[in-house]
Amino acid sequence: DVVETQEHYKSRWRSIWIMYLTMFLSSVGFSIVIMSVWPYLQKIDPTADASFLGWIIASYSIGQMVASPLFGLWSNYRPRREPLVISTAISVAANCLYAYVHVPHSHNKYYMLTARALVGFGAGNVAVVRSYIAGATSLMERTSAMANTSACQAVGFILGPVFQTCFTLIGEEGVTWKFLCLQLNMYTTPVLFGALLGVINIILIFVIFREHQVDDMGRQYKSINSDGEESDALDQNTEGSIDHVAVVALNILFFVILFVFAVFETIATPLTMDMYSWTRKEAVFYNGIILSVIGIESVIVFMVVKTLSKKTGERAILHAGLLIVLVGFFILLPWGKKLPNIQWQEIKNSSIPGTAPSEMLVPFWSLPALQLPSNHTAEPVGCPVTQSWCLNTPMIYLAQYISSDVLIGLGYPVCNVMSYTLYSKVLGPKPQGVYMGWLTASGSGARILGPVFVSQIYTHLGPRWAFSLICGVVVVSLLLLEIVYKRLIAFSVRYGRMQE
């Protein structure tokens, strides 16, 4: 039985809800610009190509990978309010920087790279959030709390593209405040909105958040984060070594899960622009809608797995989620015979005065060299001829793309919440800040390699190679899960203190 006063219970859950909000804002900070990074990059710096886009997306995760273990270690020995406030303030400042990357006259792409890296550094507080929730919930509460945390993260991924889609109504030009050297347009307004949400989050952390700690049975004990003193309430229930084989295996599985999802979200805009001849604005708008619907699907999944896990267990659900992701990427392979529209054909068909045919065979990022007349607003669309695979690789039909989105949107949230839940249970009641930092870092590493991998493979070899390799990675992760399946049990269950 859990012995807890009503006042302590309410305070504990109010603090957990603040952690939910922090997780939500962290994901909003990532997703609110994810669909517009590519067209904005093309707009502010024509020298940037699709390969550099991969580094822009990956920079967020580089920052998070560096920060997560540091913030996790910090939260093990000091009040968690400190790393939470500092990390959120860094994100606010970085979002403001992103709004000004258009101002310099050169090297704009590197300023964008820096801004996204700093936003990612601030997002290292995810490790603090997860470790707090793991320590502030009993074993019975853990799956539900972790599912709620991931649901808040998913809602952030939903509303981020929704906000971006709404802000497209402002247009690419928008309004300019000359006295602030600030352009409020469809690219900068979302990040300024994200900065405002961050400021609100800092205020709530100061006003509402309090430190709480319970063991696997739900019994309250004094947290070392409360006043910097070591707790003398940690009894024999914390004795015993952590199964590091299970810990390493879950880090690898989590890496794969985040890797495939990073590939999925990074490739969405370039893929649809290449396959369906969408303009930059159309790609941002339509993918924003698609990802918003998938996000709603993910939230529903999070709610369902909380109930389903009580009947089948987290390990079986993780296995099913990986299988669904595998099927989703398998469907995304090019199967038909129809080739995508080639971009240079679209340009040739346009009437551009004063240009010779040879001048029309240039890459789309070099179009300013064509010196289009001021009244010419046509944007070249289709698969650029500079990507040689465009000439012989069948297009991916829209039905394939939508079906794949639905399946990945089903499998990813299942894998995400089950990985976190199993990880926190394997670690047990000991301080989890550093371990959660490493798990977050492994996910961040996946977000680094995923965009770089897909931007390079996709650009040079095409979707067939890119998605085939992803399928192979998921198959290997399924084999690993089978090998360590029996070791993925809770700390207290492992030492016979609780029944599984």
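Can you name the residue in region 176-218 that is over 26 Å from L118 (Cα atoms) and in contact with a strand residue (DSSP E or B) (Cβ under 8 Å, 6 or more places away or on another chain) and is also surrounded by the most Cβ atoms within 10 Å (Cβ to Cβ) among such residues?
Within region 176-218, the match that is surrounded by the most Cβ atoms within 10 Å (Cβ to Cβ) is H212.
Would you be able to tell me the number of residues in region 419-466 that are open to solvent by less than 30 Å² (accessible area, probe 1.4 Å) and part of a loop (DSSP other than H, G, I, E, B)?
The total comes to 4.
Go through region 438-455 residue by residue and tally those that are modelled with pLDDT under 85, more than 15 Å from the chain's Cα centre (by Cα) and not β-branched (V, I, T).
The qualifying residues number 2.
Check region 308-327 and report whether any residue there is among the polar types (S, T, N, Q), modelled with pLDDT under 80, open to solvent by less than 20 Å² (accessible area, probe 1.4 Å) and in a helix (DSSP H, G or I).
Yes, region 308-327 has at least one match.
Among the numbered criteria (1) under 16 Å from G288 (Cβ atoms); (2) under 21 Å from the mean Cα position of the chain (by Cα); (3) of a type in the set (A, V, I, L, M, F, W, C), which one does L169 miss?
Just one mismatch for L169, condition (2).
State whether one or more residues within region 2-12 are part of a helix (DSSP H, G or I) and within 20 Å of L118 (Cα to Cα).
Checked region 2-12: no residue is part of a helix (DSSP H, G or I) and within 20 Å of L118 (Cα to Cα).
Regarding A320, is this residue out of contact with any helix residue (DSSP H, G or I) (no Cβ under 6 Å at 6 or more places or on another chain), under 19 Å from L481 (Cα atoms) and touching a residue at least 24 places away in the same chain (Cβ under 8 Å)?
When the stated conditions are applied, A320 passes them.
Just one of the numbered conditions (1) closer than 21 Å to N185 by Cβ; (2) touching a helix residue (DSSP H, G or I) at 6+ places or on another chain (Cβ under 8 Å) is not true of V103; which one?
It fails just one condition, (2).
Looking only at residues that are touching a Phe, Trp or Tyr at 6+ places or on another chain (Cβ under 9 Å) and surrounded by fewer than 14 Cβ atoms within 10 Å (Cβ to Cβ) in region 328-353, which one is modelled with the lowest pLDDT?
Result: G336.
Within region 92-103, does at least one residue satisfy the condition of being open to solvent by 10 Å² or more (accessible area, probe 1.4 Å), assigned by the TED database to the domain that holds I16 and without any contact (Cβ under 8 Å) to a residue 24 or more places away in the chain?
Yes.
Tell me, which residue of region 11-45 that is of a type in the set (G, A, S) and under 19 Å from the mean Cα position of the chain (by Cα) is surrounded by the fewest Cβ atoms within 10 Å (Cβ to Cβ)?
Applying the filter and picking the extreme gives S27.
Output the residue which, of all residues in region 46-60 that are among the hydroxyl-bearing types (S, T, Y) and touching a Phe, Trp or Tyr at 6+ places or on another chain (Cβ under 9 Å), is most open to solvent (accessible area, probe 1.4 Å).
That would be T47.
Which condition does V474 not pass, out of (1) open to solvent by 10 Å² or more (accessible area, probe 1.4 Å); (2) assigned to a helix (DSSP H, G or I), if it passes all the others?
Against the list (1) open to solvent by 10 Å² or more (accessible area, probe 1.4 Å); (2) assigned to a helix (DSSP H, G or I), V474 comes up short only on (1).
The values are calculated or read from the model by the stated rules, or taken from the named source; none is laboratory data. Just so it is clear, the model here is predicted, and its values are computed rather than measured. Cβ sites come from the backbone with ideal geometry, for glycine too, and all protein chains shown count toward neighbours. These area figures cover heavy atoms from the full protein model, side chains too; ligands, DNA and RNA do not enter into them. Shrake-Rupley method; radii C 1.70, N 1.55, O 1.52, S 1.80 Å.
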